[in-house]
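Enquirer: The structure that follows is given in the form of structure tokens.
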Amino acid sequence: MTWVKAAVVGFLPDENVIQVSDGWRVRYEFLVACPGLKLDWHAIEGLTDTLGRNGVGSNYRVDTAEYTWQLIEGFRGGIALFTQPAMPIKCAGAPQKIMYLMADHLRRTRKLLSASLEFCLAGDALFSVPFFVPSLQRAVDRYGIKIAYKHDLKAIDGAAKTALFLVTEADGRVSKLEKRFDMIHVVPPQIGLDVIRESPLANSAGWIEVDPARSCSRSSPMGAK
């Protein structure tokens, strides 16, 4: 086994080769690719201009996580929004964890009744694994959190304290809806890394194309494709 301490910069699956940042071309028989993903902060208009101030926080960036807690600790009532983009995202539970932490902090400091907490998510279910949904729903009900399904955050104006969502209706129509907030916790959309999206491995959405029903074999050097 050889450990190549360099980043992958290109995939050549027809040649069973990857290119790495130090100029090497590494050959393989089988390839297991675990590239992760990228936080796309710029996908939400106005977010980078206001993140970390104006009541706009996110625990998905280390330099604004502390600001999120400052917002929670200093909250005196009003509207707190929590967002979640379309899947896939890093740690699908994180958008809700911070919401429950804030709700419980408000409960313990007797401020919960003066707060309106709302979870705005792009999906149509509280969690993607059905087993966990009943427990999460009980927590939502216990804290009096409002749920807004199929609400996809597209723009934010921190100075005006407004967030713009695209809302998909039951009949498929999409409308725009502006919501006011006193604080908002934003989870950015997340996309495949550039090296994946620009490679032959990518599907139309920019992720590695795999077939989970096909087993790894010598005739399939990519493992599953």
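Enquirer: How far, in nm, would the chain grow between A92 and S116 when pulled straight, counting 0.36 nm per residue and subtracting the alpha carbon separation?
Expert: Going from the current span to full extension adds 6.4 nm.
Enquirer: Something else: Given points 7 Å out from each Cα along the Cα-Cβ axis, report the R25 to D104 separation in nanometres with one decimal.
Expert: A separation of 5.5 nm, rounded to one decimal place.
Enquirer: While we're looking at this one, here's another question. Determine which lysines satisfy two conditions relative to K111: a Cα distance under 25 Å, and not lying fewer than 8 residues away in the same chain.
Expert: Cα-Cα hits under 25 Å: K97, K146, K161, K179.
Enquirer: Another one. Round to the nearest 0.05 the FRET efficiency obtained for A155 and V129 when R0 = 35 Å and r is the Cβ-Cβ distance.
Expert: Computed FRET efficiency for A155 and V129: 0.70.
Enquirer: Moving on to the next point. Take S199, S135, S204 and order them by how many other Cβ atoms sit within 10 Å, fewest up front.
Expert: S204, S135, S199
Enquirer: What's the local net charge at V174, with K and R +1, D and E -1, over the other residues with C-beta under 12 Å away?
Expert: +1
Enquirer: Magnitude of the Cβ-charge dipole of the chain, K/R +1 and D/E -1, about the Cα centre, nearest 20 debye?
Expert: Here the size comes out at about 760 debye.
Enquirer: For E209 paired with R197, estimate the spin-label separation in nm (one decimal), with each label point 7 Å from Cα along the Cα-to-Cβ line.
Expert: 1.8 nm
Enquirer: How many angstrom lie between the Cα centre of region 30-107 and the Cα centre of region 163-211?
Expert: Cα centroid to Cα centroid, the span is 15 Å.
Enquirer: Moving on. Taking 0.36 nm per residue of separation and subtracting the Cα-Cα distance, what length does fully extending V17 through M1 add?
Expert: The V17-M1 span can extend by a further 4.1 nm.
Enquirer: Now a separate question. To the nearest 10 degrees, how steep is helix 62-73 against the longest Cα principal axis of the chain, on a 0 to 90 scale?
Expert: For helix 62-73, the angle is close to 20 degrees.
Enquirer: How are the alpha carbon pair distances in region 1-116 distributed across 10 Å bins from zero to the largest one, expressed in percent?
Expert: With 10 Å bins starting at 0, P(r) equals 11, 30, 21, 17, 12, 7, 1.
Enquirer: Which whole-Hz couplings ³J(HN,Hα) result when phi for each residue of region 133-138 is put into the Karplus expression 6.51 cos²θ - 1.76 cosθ + 1.60, θ = phi - 60°, listed in order with x for Gly and Pro?
Expert: Computed from phi, the couplings for region 133-138 are 4, x, 5, 5, 5, 5 Hz.
Enquirer: Rounded to the nearest 500, what is the 222 nm mean residue ellipticity of the chain from helices alone, with -39500 (n - 2.57) per DSSP H run of 4+ residues and division by all residues?
Expert: -6000 deg cm²/dmol
Readers should treat all values here as calculations from the given coordinates under stated rules, not as data from a laboratory. Just so you know, these numbers come straight off a predicted model, no measurement behind them. Counting neighbours? That spans all protein chains shown, and the Cβs are built from the backbone with ideal geometry, glycine included.
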